[in-house]
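Below is one structure; the comments refer to it alone.
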Amino acid sequence: MIDSHCHLDHEPLLSDLDNVIKRSKDIGIKKILTISTSIESFSRVKEIVHKDEMIFGTIGIHPHEANNNEINSEFIINNLNENKKIIGIGETGLDFFYDNTDRKKQIKSFKIHIAAALESNIPLIIHSRNAEEKTFEILNEYKDEKLKILMHCFTGSKKFAEKLLNFNTYFSASGIITFKNSVDLQNTFNSLPLNRILIETDSPFLAPVPNRGKKNEPSFIDFTAAKLAEIKNMEKSEIIKITTNNFNNLFFK
């Protein structure tokens with residue numbers, strides 16, 4: 001089992017990291033990908049990946065941080081070359097949920113991350129909220145460039161997912177699929193091909209049922225795997241095998 005997206009540099013995970021890692025191993029997690037959200041976050045991620053051989057990291061600026069964190073493709077590439085356990089670029093993307101966000105800076109930052117992903121041939125971890133049309137418009141500019149795309153914590157429409165499949169996109173299911181009001185999202189994941197699905201916690205956020213409302217952590221991914229297996233009408237062990245293989249195919253091939 002692999003947690004394809006979490007934030008080990010956020011509290012309360014960071015101050016309890018040894019126990020978080022132990023609980024992860026106890027339920028059978030083999031790899032954890034901890035995600036950078038800012039320049040400051042990346043400085044912590046660089047240290048965390050050396051805490052245990054199971055932990056890998058990414059470099060990137062969350063769209064909410066685009067106003068205060070300006071980087072260029074060279075910065076990303078140089079850090080990828082210097083840190084072999086940094087295996088992804090992001091999370092980047094677009095989040096138009098709040099009206100006070102600078103959309104132009106988000107778009108500029110997103111395109112910088114895309115350029116670095118193309119140059120390095122490293123997977124791009126994308127966050128998209130209330131921005132389906134613009135996200136697709138930008139990605140469509142690169143449709144012939146063979147980007148490696150992972151839509152993290154995917155909550156988009158079925159139509160959006162179908163369009164993204166044309167880019168050989170992977171989709172990560174978070175604890176949101178366990179929520180009672182997520183029927184449309186469950187149906188979307190039911191329609192997605194098995195070889196394009198991953199699982200994640202996005203911890204310490206979005207704890208799955210039955211831990212909803214608590215601070216999330218990687219070990220809670222077991223509940224998400226169980227729900228995805230139910231949605232797909234499969235054994236949980238088979239879903240774990242498939243999502244693990246998908247992660248390895250995306251990040252290590």
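The values are calculated or read from the model by the stated rules, or taken from the named source; none is laboratory data. On a predicted model such as this, the values are computed, not experimentally measured, just so you know. Quick reminder, even Gly has a Cβ in these numbers, built from the backbone with ideal geometry, and neighbours come from all protein chains shown.
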**OP:** Specify which of the listed residues (Ile48, Ile71) is β-branched (Val, Ile, Thr), in contact (Cβ under 8 Å) with a residue 40 or more places away in the chain and under 24 Å from Lys253 (Cα atoms).
**Re:** Ile48
**OP:** Kindly establish whether Asn166 is farther than 28 Å from Leu118 by Cβ, of a type in the set (S, T, N, Q) and free of Cβ contacts under 8 Å to residues at least 60 places away in the same chain.
**Re:** no
Original post:
Among the residues of segment 116-164 satisfying the criterion of being small (Gly, Ala, Ser) and in contact with a strand residue (DSSP E or B) (Cβ under 6 Å, 6 or more places away or on another chain), which is farthest from Leu185 (Cα to Cα)?
Top reply: Ala116
Original post:
In this structure, does Leu206 turn out to be assigned to a loop (DSSP other than H, G, I, E, B), at pLDDT 95 or above and either touching a Leu at 6+ places or on another chain (Cβ under 9 Å) or within 19 Å of Gly175 (Cβ to Cβ) (or both)?
Top reply: yes
Original post:
Has segment 66-78 got at least one residue that is assigned to a helix (DSSP H, G or I) and either among the β-branched types (Val, Ile, Thr) or closer than 21 Å to Asp3 by Cβ (or both)?
Top reply: yes
Subject >> Residue selected from segment 200-253 under the condition of a type in the set (Lys, Arg) and within 19 Å of Asn190 (Cβ to Cβ), by the criterion surrounded by the fewest Cβ atoms within 10 Å (Cβ to Cβ) >> reply: Lys241
Original post:
Any idea which residue in segment 80-111 is farthest from Met151 (Cα to Cα), counting only those that are buried (at least 19 other Cβ atoms within 10 Å of the Cβ) and in contact with a Phe, Trp or Tyr (Cβ under 9 Å, 6 or more places away or on another chain)?
Top reply: Ile86
